[in-house]
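The numbers here are math on the coordinates, done by the rules we state, and not lab data. Predicted, not measured: the structure shown is a model, and the values here were computed from it. Glycine also receives a Cβ, built like all others from the backbone with ideal geometry; neighbour counts cover every protein chain displayed.
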Amino acid sequence: MSDKKEQRGTTAICGFDADTIKVRGKDLANELIGEVSFTDYLYLQATGRSPTATQSAIVDAVLVTIMEHGLVPSAIVTRLTHYGAPESFQGAVAAGLLGVGDRYAGTAGECGAVLERLVAVPETQREEAAVNEVRTYREIRRPLPGFGHPIHAEHDPRVPRLIAVAEKAGAEGSFIGAMRTLEKALNEVTGKNLVTNISAAIGAVLGEAGIPASLMRGIVLTARCAGLVGHLHEEMQNPAAHSMWEGAQDRVDYTG
């Protein structure tokens, strides 16, 4: 018989018994319900830390910024899934979430990772590091995340507003500064004036809020999930999916 102790998994997020539910060490019923906002609770549950006022304001602004962008593919999928399976509310939302990706919800996490690398470099070396990041992406023939947009080709109106909110809330500025340095490097290397899109801004301000790059897509998904719920509720009251389906049939020709 082995003396080796059985290894057991652990979680620091939530535990419960018959009388209490503890989340990150706090009593759900007595310390959280009615005491914290959803944004603060999201931050606490994910990171294990209660946010500062600055961090809370920034994350809240990001959730508002990225929740909605009209009839993008994820919203269309949610509506069409409900059209085919009206009994499955959660299935329709889940189907839409599966389509939330780099093209229409953004690359905030990858932007955040690039900015984390820049912020880790001494400030005097950041311009050179930014140029190297741009060149690396060009060598592997991938677009630098956070720049260019299929709709807002000249100006993403969300970017200056989100940055202004973060700065007003008290953001220290390292990540925002790194974003601007990266923007300058991209323009110098490519000779093009590519618009800074909302993914770069989200990566920057969430970095200011202490959110690691690995968690940033989760923040985006949380916001988009709420948006899809709204689209689904409207679909149930004012159906548009049948018209979308007919439109697809009308625009796609069989060539077999």
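A straight chain from MET236 to GLN90 at 0.36 nm per residue would run longer than the Cα-Cα distance by 51.2 nm. Within the chain, the selection of entire DSSP H helices by a Cα span of 27 Å or greater along the long axis and an average Kyte-Doolittle value of at least -0.5 returns 213-237.
Starting from the alpha-carbon convex hull of region 108-213, give the projected area averaged over all orientations, in nm².
6.2 nm²
Once C-alpha pairs closer than 8 Å and six or more residues apart are averaged by separation and normalised to the residue number of region 108-213, the relative contact order reads 46 percent. Write out the GluC sites (Glu not before Pro) in region 158-192 meeting two conditions: DSSP loop, and at most 15 other Cβ atoms within 10 Å of their Cβ. Those that pass, being in a loop and sparsely packed, are GLU172. With contacts taken as Cα pairs under 8 Å and at least 6 residues apart, the chain reaches a relative contact order of 26 percent.
Counting pairs of alpha carbon atoms under 8 Å apart in space and at least six apart in sequence, what relative contact order in percent does region 1-135 give? Computed over region 1-135, the figure is 11 percent. The simple spin-label model puts a point 7 Å past each Cα toward its Cβ; for ASP19 and SER243 those points are separated by 5.8 nm. So if we plug the beta-carbon distance of ALA29 and ARG117 into 1/(1 + (r/R0)^6) with R0 = 51 Å, what FRET efficiency do we get, rounded to 0.05? With R0 = 51 Å, the Cβ-Cβ based efficiency is 0.75. In terms of other Cβ atoms within 10 Å, TYR137, TYR254 run from fewest to most in the order TYR254, TYR137. Annotation: amide H of ILE21 within the under-5 Å range of LEU28, ALA29, sequence separation 5 or more or interchain, hydrogens built in the peptide plane. All C-alpha to C-alpha distances of the chain, sorted into 5 Å bins beginning at zero, yield P(r) values of 1, 6, 11, 13, 14, 13, 13, 10, 8, 6, 3, 1, 1, 0, 0 percent in whole numbers.
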